[in-house]
Amino acid sequence: MKPHFHKVPITLQSSFSIRHDIKPDFGNVWHYHPELELHYNVKGEGVRFIGDNISNFAADEMVLLGENLPHTWRCKDEYFQNNPDLNVEAMVIHFLPDCLGKHLLSLPEAYLIPKLYEKAKSGMIIYGKTKVSLAKLMEKAVHATNLERIIILLTILKTLAETDEFELITSKSTFYQSNESETLRINKICTYTLTNYKNDITLEEVASLSNLSITSFCRYFKLMTKKTYYDFLIEIRVSHACRFLIENKLPTEMICFNCGFNNVSNFYRHFKKVTGLTPLDYKRKYLNE
């Protein structure tokens, strides 16, 4: 999908942005920005889109996103029911690669930082003791002032650059800026799909949302996302099925139909194609971990 450019609000008095959000949901706009983003999801569940990856997110997840890597966090349907007792919580740091000065990156002692920035272009899931340490540093940064903010950011960069407690999220891809009409169109398609994935969605429906013929829509969607709309829909359904399997509250056959698949054998085939595992193997793997 062609993402929407997002201007991260950073004041003239600050070299980087740090905030602690508590709000109903994370929105659903697919966007990118030149700043790197360290995102710690304290509370909230749903499906996240990062680059060409579609996966579930849950509480206590930390992600580092490289510059201009498109992303969005789409909460579960329950978060859009105007329930005042249900909200999301996250701490987020945005910083430009050279926010602490262009010369920092060329210092011999700082050689690990450019390597970190390169890895971050694929997105990084941070886990283990590193995640615990970074969460504490982010909490301090929210309230820090003056030089203390700089020291904390440097400590965060040092921690990220030296850790091996991470997994890459996506393949490196080049993404291009989109105009406003394209942004509105692709976001409308994504929102409709995420809202109606449990139902039978026809190409006629989504094509009409785009004011395109079916043939033109299929060509357009493949150009924007490098995949067919059908593949995109299957990935979303499988992603939700993964979450249900992890929750371990429903039998697999019920999960199949709750996620929009019309028969069990079809569900098993698509699930294995997307994840490389059967639903039972996926559940066992997660529960063992």
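In the range 111-130, which residue that is open to solvent by 30 Å² or more (accessible area, probe 1.4 Å) and under 19 Å from the mean Cα position of the chain (by Cα) is farthest from TRP73 (Cα to Cα)? In this case the residue turns out to be GLU118.
None of TYR117, TYR79, TYR111 is without any contact (Cβ under 8 Å) to a residue 40 or more places away in the chain and either within 22 Å of HIS20 (Cα to Cα) or out of contact with any Ser or Thr (no Cβ under 9 Å at 6 or more places or on another chain) (or both) except TYR111. There is no residue in the range 21-40 that is under 11 Å from the mean Cα position of the chain (by Cα), in a strand (DSSP E or B) and closer than 19 Å to CYS242 by Cβ. Only a single criterion out of (1) more than 16 Å from the chain's Cα centre (by Cα); (2) at pLDDT 90 or above is not satisfied by LYS226, namely (2).
Taking PHE26 as the residue in question, decide whether it is open to solvent by 30 Å² or more (accessible area, probe 1.4 Å), of a type in the set (Phe, Trp, Tyr) and either under 27 Å from TYR286 (Cα atoms) or touching a Gly at 6+ places or on another chain (Cβ under 8 Å) (or both). Talk me through it step by step, then tell me what you get.
Values: open to solvent by 30 Å² or more (accessible area, probe 1.4 Å): yes; of a type in the set (Phe, Trp, Tyr): yes; either under 27 Å from TYR286 (Cα atoms) or touching a Gly at 6+ places or on another chain (Cβ under 8 Å) (or both): yes.
The answer is yes for PHE26.
In the range 274-289, the condition of being in contact (Cβ under 8 Å) with a residue 40 or more places away in the chain, under 23 Å from the mean Cα position of the chain (by Cα) and assigned to a loop (DSSP other than H, G, I, E, B) is met by no residue.
Is at least one residue of the range 231-241 of a type in the set (S, T, N, Q), open to solvent by less than 30 Å² (accessible area, probe 1.4 Å), touching a residue at least 40 places away in the same chain (Cβ under 8 Å) and in contact with a strand residue (DSSP E or B) (Cβ under 7 Å, 6 or more places away or on another chain)?
First, the residues of the range 231-241 that are of a type in the set (S, T, N, Q): 239.
Add one more test, that the residue is open to solvent by less than 30 Å² (accessible area, probe 1.4 Å), and what stays is 239.
Then keep just the ones that are touching a residue at least 40 places away in the same chain (Cβ under 8 Å); that gives 239.
Next, only the ones that are in contact with a strand residue (DSSP E or B) (Cβ under 7 Å, 6 or more places away or on another chain) stay: 239.
Looking through the range 231-241, at least one residue is of a type in the set (S, T, N, Q), open to solvent by less than 30 Å² (accessible area, probe 1.4 Å), touching a residue at least 40 places away in the same chain (Cβ under 8 Å) and in contact with a strand residue (DSSP E or B) (Cβ under 7 Å, 6 or more places away or on another chain).
The set of residues in the range 41-55 being more than 11 Å from the chain's Cα centre (by Cα) and under 17 Å from SER239 (Cβ atoms) consists of GLY44, GLU45.
Return yes when GLU162 is touching a strand residue (DSSP E or B) at 6+ places or on another chain (Cβ under 8 Å) and free of Cβ contacts under 8 Å to residues at least 60 places away in the same chain and no when it is not.
Details: touching a strand residue (DSSP E or B) at 6+ places or on another chain (Cβ under 8 Å): no; free of Cβ contacts under 8 Å to residues at least 60 places away in the same chain: yes.
Answer is no for this residue.
The values are calculated or read from the model by the stated rules, or taken from the named source; none is laboratory data. Nothing here was measured: the structure is a model prediction, and the numbers come from that model. Positions of Cβ are backbone-derived with ideal geometry, glycine not excepted, and every protein chain shown enters the neighbour counts. Heavy atoms of the whole protein, side chains included, go into the accessibility calculation; ligands, DNA and RNA do not. Shrake-Rupley method; radii C 1.70, N 1.55, O 1.52, S 1.80 Å.
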